[in-house]
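Let me begin by presenting the structure, written as C-alpha cells, before commenting on it.
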Amino acid sequence: MYKQKKVQSDIKKQSLELEWAHIYHDSIRGREFLEKLPLYIGRWAGNYTFFYILNRVLTDYKPSRIIEFGLGESTKMITAHLKKELPDSTHLVVEQNQDWLNHFSSRFTLTKNTEVKILPLKKIIHEEEEVNTYGGIDQLSKNKYDLFVIDGPFGSKFNSRIDILEFMKNAQSSDQFIIIMDDCHRKGEYRTFMNVCKMLDKKGIVYAKNTFRGNKTVGVIATEQYKWVVSI
C-alpha cells in the first residue's frame, strides 16, 4: 500500500512538473535572451516551478537589490536579466566554495553588477540540531534587499538554510521584499519558511505567502507591495 501511494504521488508530482515546464516555456517565448540562455533545470538546480517564479519576479517587479544564497543556474537567469533589463540593479551571491566559483566562472560570465562573496560553511546548533550556515553571514544581515533567492547552503534534517532568519531579525515594517525559497518539500526548508512567517507576524509586518508544487516545492513570501506575486 505504501509503495503504491508513493508511486501515485511521484506520478502526480511529475505531471505537475510537466505542466510547469510548459508554463515556463510559454512565459519566455519571444524573449531571445532567455530562450538562448543555457540553463540546466532540475536535479540539484531549481525545477521549472522555481525558474518560472524567478523569471516572473524579475520581469514583473524588477528588484533593484538582489541577494542569492548559492551560486548556480539561478545565477545565470538573474545575470541575464541584469544584462538585458535590469542594468541598474545589484546582485550579491553568497557561495560556500571557491573551487565551484572558479569552475562556474570558466563557463559563464557574470556582470559587473554581480558580486560573489565566498563564505565557507559553518556548523552551529539551532533548536538543538547541528545546522549548516554561511560563516560571517551576520555581517551582511543588516543590509536591505528586495529579493532573496534561497537555494543554499546544504540542507539539514529539521532546520535548513536558516541564514535568512538573520536578515528577518533586522526587518522593519517599512521594508518591502520577496523571498523565494527552493526545496520547501523538505522538512528543514519548510520549517525555515514557516519560521520566517512567524518572525514577520511578531514584527507586525504584513505579508502574503504561498507554496508552488512541481516535482519539488517552492515557497514564496511577499510583503504588501509585492503581495500579488503569490498568485502568479
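The values are calculated or read from the model by the stated rules, or taken from the named source; none is laboratory data. Just so you know, these numbers come straight off a predicted model, no measurement behind them. Note: ideal-geometry Cβ built from the backbone for every residue, glycine included; neighbour counts use all protein chains shown. These accessible areas exclude ligands, DNA and RNA; they are computed on the full protein's heavy atoms, side chains included. Shrake-Rupley method; radii C 1.70, N 1.55, O 1.52, S 1.80 Å.
Quick rundown of the values:
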quantity: Greater than 29 Å apart at Cα, pairs in Lys169/Lys227; Lys84/Lys122; Lys36/Lys123; Lys83/Lys187; Lys112/Lys202; calculated: Lys84/Lys122; Lys36/Lys123; Lys83/Lys187; Lys112/Lys202
quantity: Leading residue at positive end of dipole, the range 127-232 (Cβ point charges), from Val230, Asn143, Gly155; calculated: Val230
quantity: Protein-only accessible surface order, largest first, of Trp100, Trp20, Trp228 at 1.4 Å; calculated: Trp228, Trp100, Trp20
quantity: Label-point separation, Ser141 to Lys117 (7 Å along Cα→Cβ), nm; calculated: 1.3 nm
quantity: Percent carbon-and-sulfur accessible area, the range 55-100, ignoring ligands, DNA and RNA, probe 1.4 Å; calculated: 46 percent
quantity: Residue-averaged [θ]222 nm for the chain, counting only DSSP H segments that reach four residues, each worth -39500 (n - 2.57); calculated: -12500 deg cm²/dmol
quantity: The range 145-232 - convex hull of alpha carbons, volume per residue in Å³; calculated: 82 Å³
quantity: Tensor-based shape of the range 1-159 (alpha-carbon gyration tensor, a/c under 1.5 rounded, otherwise prolate or oblate); calculated: oblate
quantity: Surface accessible to a 1.4 Å probe, per residue, for the residues of the range 169-232, Å²; calculated: 47 Å²
quantity: Environment charge of Leu54, counting only residues whose C-beta is closer than 12 Å and scoring Lys/Arg +1, Asp/Glu -1; calculated: -3
quantity: Net charge, Lys122 excluded, C-beta distance under 12 Å - Lys, Arg +1, Asp, Glu -1; calculated: -2
quantity: Gain upon complete extension [Ser231, Lys198; 0.36 nm per residue less C-alpha separation]; calculated: 9.8 nm
quantity: Whole-number Å³ per residue for the convex hull built on Cα positions in the range 38-119; calculated: 88 Å³
quantity: Cα→Cβ-extended label distance, 7 Å offset, between Ser27 and Asn210, nm; calculated: 1.0 nm
quantity: Virtual paramagnetic centre 7 Å along Cα→Cβ of Asn102, amide N under 11 Å, in the range 135-178; calculated: none
quantity: Burial order of peptide ranges 63-71, 80-88 (average beta-carbon count within 10 Å, highest first); calculated: 63-71, 80-88
quantity: Rounded to the nearest 20 debye, dipole of the chain from Cβ charges on Lys, Arg, Asp, Glu; calculated: 440 debye
quantity: P(r), alpha carbons of the range 31-74 - 5 Å bins starting at zero, rounded %; calculated: 5, 18, 27, 30, 17, 2
quantity: Accessible area of Tyr48 in the full protein assembly, 1.4 Å probe (Å², nearest 10); calculated: 60 Å²
quantity: Within-13-Å neighbourhood charge of Lys198 [Cβ basis; K, R +1; D, E -1]; calculated: +3
quantity: Pair Lys62, Lys187: separation of 7 Å Cα→Cβ label points (nm); calculated: 4.5 nm
